[in-house]
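Okay, so here's the structure we're looking at.
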Amino acid sequence: MDNSNVTVLMTTSKITEFATPYEFTWEPVVWTWWLVCQLVLALVGLFGNVIVIIIYSRKNRLKSATNMFIMALASADMISSITLIPLPSAKTTTNGIIGQLYCKVVHSNVILWISIVASIFTLTVISVERYFAVVFPIRYRNVFSKSRPKVVILLVWITSFIINSFSYFVTYRDPATAGCVVDFRTPFIQAAIGTTLFFLEYFIPVVIMVSTQVITINRLRQQAKPIVGAENAGPGNKQRANAFMLKARKKVIQMLFLVILTFITCWTPDQVAFLVFNLGYVEPQYLGGNLYRMFIALAFTNSCANPLIYTMSNPQFRDALRQLLNVQKKRIFPFTIGGASGNTENTSADAPLPTGVDALEAQGGAME
């Protein structure tokens with residue numbers, strides 16, 4: 001055998017062996033029960049929140065601060081649903097900035113968690129907004145003026161990005177294995193980050209939501225007593241108007257109860273378990289176990305439930321959805337961004353979608 005050929009073969013073999021760990025190689029997607037559940041949650045959440053965005057993005061519907069926050073909530077949940085769709089994960093990554101970015105952005109799922117935190121904060125903002133609308137209706141007009149909801153939404157996303165920026169420092173590409181690893185350096189740092197996340201992303205929002213809604217519900221009940229008395233005293237236009245407002249108040253109470261109950265039910269197991277894990281009371285194998293995945297699935301269910309809680313309880317939303325589907329029923333896809341009706345003068349499809357809070361707000365200073 002020619003010596004030059006031997007040299008070339010040996011060199012080529014060494015180059016191939018040396019270069020292999022520095023290229024992207026992918027783990028195949030194995031459709032376990034967890035990935036199937038993840039895909040179903042992603043598709044259901046995507047479908048429901050896209051419907052909400054389509055309907056609320058139509059003309060005149062974003063004049064209400066409540067409706068604008070609901071659309072922001074749906075947008076955050078839509079992004080969460082998209083990033084939840086199962087994709088192949090990299091077993092090894094290429095050297096350089098591309099591999100580092102993959103580990104810090106894709107492998108860490110930072111976009112998913114930014115959108116989830118934005119959704120949680122938006123829920124909190126909605127609770128505060130409704131608190132002001134019911135308890136301080138005059139101040140409400142100043143606090144939630146026409147331009148401020150957009151600023152609040154922007155601040156929510158900026159805050160969510162800052163809170164999740166820790167992922168950039170604990171997720172990196174391991175040069176020895178060319179894979180992505182998460183390393184908190186010390187147990188103290190992991191415990192500090194885990195505790196901070198628990199309070200910022202869960203505990204404080206829950207305290208704000210519960211406290212504001214308890215006050216709101218108590219105020220609504222106080223306002224309901226004179227209305228019931230006036231309604232029983234005799235019929236009349238004023239009594240009928242007050243009765244209508246009483247029904248709107250009852251809807252608010254029911255909706256707020258569902259909001260708090262669903263959020264706490266979906267997120268408490270995951271958040272408490274994640275805190276315990278970061279404090280070192282649970283073995284690292286927990287993150288790959290079925291219990292962890294069940295808690296995550298329950299938490300992601302909240303994104304699917306939000307469209308039902310915040311919009312499907314609204315009769316006008318149901319009417320707009322029905323009109324939208326009726327117009328598009330002969331097409332391949334039952335809904336598009338186009339108009340819901342050819343004659344907008346005889347339909348409420350383009351009218352604002354007031355919630356119970358919007359109806360209460362219309363009373364002006366009578367509640368303060």
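The values are calculated or read from the model by the stated rules, or taken from the named source; none is laboratory data. Fair warning: this is a prediction, and the values are worked out from it, not measured in the lab. We place every Cβ from the backbone using ideal geometry, glycine too, and count neighbours over all the protein chains shown.
What's the number of the only condition in (1) at pLDDT 90 or above; (2) of a type outside the set (Gly, Ala, Ser); (3) crowded, with 19+ Cβ neighbours inside 10 Å that Asn306 fails to meet?
So the condition that Asn306 fails would be (1).
Among Arg331, Arg249, which is over 17 Å from Leu73 (Cβ atoms), in a helix (DSSP H, G or I), modelled with pLDDT under 90 and not acidic (Asp, Glu)? Break it down stepwise before answering.
Details: Arg331 fails: in a helix (DSSP H, G or I).
Of the residues listed, the single one that is over 17 Å from Leu73 (Cβ atoms), in a helix (DSSP H, G or I), modelled with pLDDT under 90 and not acidic (Asp, Glu) is Arg249.
Need the failing condition index for Trp267 against (1) more than 24 Å from Phe198 (Cβ to Cβ); (2) at pLDDT 50 or above; (3) among the aromatic types (Phe, Trp, Tyr), just the number.
Condition (1) is where Trp267 drops out.
Of these, Ile97, Ile79, Ile85, which one is within 24 Å of Glu201 (Cα to Cα), at pLDDT 90 or above and surrounded by fewer than 18 Cβ atoms within 10 Å (Cβ to Cβ)? If you could, list the steps in order and put the result at the bottom.
Details: Ile97 fails: within 24 Å of Glu201 (Cα to Cα); Ile79 fails: surrounded by fewer than 18 Cβ atoms within 10 Å (Cβ to Cβ).
On inspection, the qualifying residue turns out to be Ile85.
Name the pairs whose Cβ atoms lie under 8 Å apart, with the first residue in segment 267-289 and without any contact (Cβ under 8 Å) to a residue 24 or more places away in the chain and over 15 Å from Leu200 (Cα atoms), the second loosely packed, with under 14 Cβ neighbours inside 10 Å and aliphatic (A, V, I, L, M), and 6 or more positions between them or separate chains?
That search, which allows pairs on different chains as well, returns Ala273/Leu291.
Failed condition for Tyr102, given (1) surrounded by fewer than 18 Cβ atoms within 10 Å (Cβ to Cβ); (2) under 30 Å from Thr177 (Cα atoms), with all others met?
Of everything listed in (1) surrounded by fewer than 18 Cβ atoms within 10 Å (Cβ to Cβ); (2) under 30 Å from Thr177 (Cα atoms), Tyr102 misses just condition (1).
Failed condition for Phe132, given (1) closer than 18 Å to Pro205 by Cβ; (2) touching a residue at least 60 places away in the same chain (Cβ under 8 Å); (3) hydrophobic (A, V, I, L, M, F, W, C), with all others met?
Evaluating Phe132 over (1) closer than 18 Å to Pro205 by Cβ; (2) touching a residue at least 60 places away in the same chain (Cβ under 8 Å); (3) hydrophobic (A, V, I, L, M, F, W, C) leaves (2) as the failure.
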